[in-house]
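Below you'll find the structure, written out as structure tokens, and then a few comments.
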């Protein structure tokens, strides 16, 4: 067993493959939605649930499976999570109508625990000097899937069948599951506790109500009874969850852990990061796909966009994906020297610069392409630094649930950012058409830039434990001579 534990690069490669499998399945369905709607004879509302249900289940499953990993073994729960993910992928490939596909995507949502469980395994297995780079690489995979997933999806949908989206995913997931079970050692660090069923139920209900309200607000009406009822239910359930976690002997999530300075401010930055990043990444394909001269009845109504196909739109994201691949490990190296809050703050500042550039300069394709590597480096720095900050701030027995909650915060922020972008585009239409005006895109990019700047400021308030210790040591060394 000791010999197995020495192969850190093998473990890292397998965890990276598992992350890629999840990241691709999260984004590959986006360009395929119009094809799914046509082939499955459904409406825009119901085909959107192919995305929504995946998001809902992933948000609920991530902290739950992360906690179970802390209790029963992270490698074991990672294999279980990948197995459930595989079942969902096979079911999606065989879906005969929209309802079957929605159920299959709900099953796939269990794959959301891949990242927190992977971070926990790295925390338990890797030497401290390798920790930041390893977490940075796995974190970068989460963003890399955005660009590569959309490009690959466009190629598959344009040339073969949408079912191959899930077949390709199933193959990758199956390989990852076998490799994890065969080569990744089980963590010796576990916490003996009972499953907090009350806490799990309250948190699940609160998250489902919140995300359902956010995702359906545009269609149902933000002031409709259903949305207001969901918002109220979410508030009540989440408050009840917090109260219950403070009063049970073995809580699912230690609220005192979430209140620690490092965890609190990192999670707040994650919420803002999800908002800023999702707003930018989702808007870019929509922008470049807009055709100039949108309507024959309104000559040259649209004065922006490049009439890109789904595949070409994905190619615009590739520079950011390549930048992400290198930015994550670099953030880990920087974090080892100066503390991870600085690459987090720098990453958010770079996201702000990229989004601000897109708001100001977007008339030519090269202007979009020039901003993408900056955006990719910023996202890579931020994702890697957040995961490292969380793993350093909590006990080894809390890693899974703590990183799971951080992922949930980023997801919630992303949903809010996506809805913000949709609302701004809906509010700014070109007169005489249903096309969004360029002003809506400009405002949305600008809002993302401002949010990212706020996130950079919040990140500076995070004080990693190692940096505080180093500062105390330096103060102790200086004080005798002062």
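Every read-out reported here was derived from the displayed coordinates using simple, explicitly stated rules and does not represent laboratory data. This one's a predicted model, so the numbers in the text were calculated from it and none came from an experiment. Cβ: placed from backbone, ideal geometry, glycine included. Neighbour counts: every protein chain shown.
Tell me, in nm to one decimal, what length is gained between residue 236 and residue 163 on full extension, where the rule is 0.36 nm per residue of separation less the Cα-Cα distance?
Full extension of this stretch gives 22.2 nm more.
Each residue, residue 286 and residue 246, gets one label point 7 Å from its Cα in the Cβ direction; the gap between the two is 3.9 nm.
For the Cα trace of segment 196-249, dividing Rg by the Kirkwood Rh returns an Rg/Rh value of 1.09. Once both labels are positioned 7 Å from their Cα atoms along Cα-to-Cβ, the gap between residue 460 and residue 222 label points is 3.0 nm. Residues 277, 255, 409, arranged from fewest to most other Cβ atoms within 10 angstrom of their Cβ, appear as 255, 409, 277.
Quick check on the chain: helices-only [θ] at 222 nm, where DSSP H runs of length 4 and up contribute -39,500 (n - 2.57) each and the sum goes over total residues. Nearest 500, please.
Numbers: 18 runs with 376 residues, N = 482.
Per the formula, -27000 deg cm²/dmol.
Our estimate of slack between residue 181 and residue 256, defined as 0.36 nm per intervening residue step minus the Cα-Cα distance, is 23.6 nm. Residue exposure proxy: 316, 22, 72, ordered by other Cβ atoms within 10 angstrom of their Cβ from fewest to most, comes out as 72, 316, 22.
Using the count of nearby Cβ atoms within 10 Å as a rough guide to exposure, how do 236, 415 rank from fewest to most?
Working: 236 14, 415 23.
Final ranking by Cβ density, sparse to dense: 236, 415.
Place the peptides 219-229, 392-402, 336-346 in order of packing, highest mean first, counting for every residue the other Cβ atoms within 10 Å and averaging per peptide.
Values: 219-229: 12.8, 392-402: 23.6, 336-346: 22.0.
The most tightly packed comes first, giving 392-402, 336-346, 219-229.
Against the chain, whose longest principal axis comes from its Cα atoms, helix 465-478 is set at around 50 degrees. Across segment 253-482, the mean sequence separation of Cα contacts (distance under 8 Å, 6 or more residues apart), normalised by length, yields a relative contact order of 34 percent. Between residue 364 and residue 194, the FRET efficiency from the beta-carbon distance, with R0 = 60 Å, is close to 0.50.
Annotation for segment 188-266 versus segment 354-431: alpha-carbon center distance of 22 Å. Among 354-361, 85-92, 116-123, 154-161, the peptide with the highest mean count of other Cβ atoms within 10 Å heads the list, and the full ranking is 116-123, 85-92, 354-361, 154-161.
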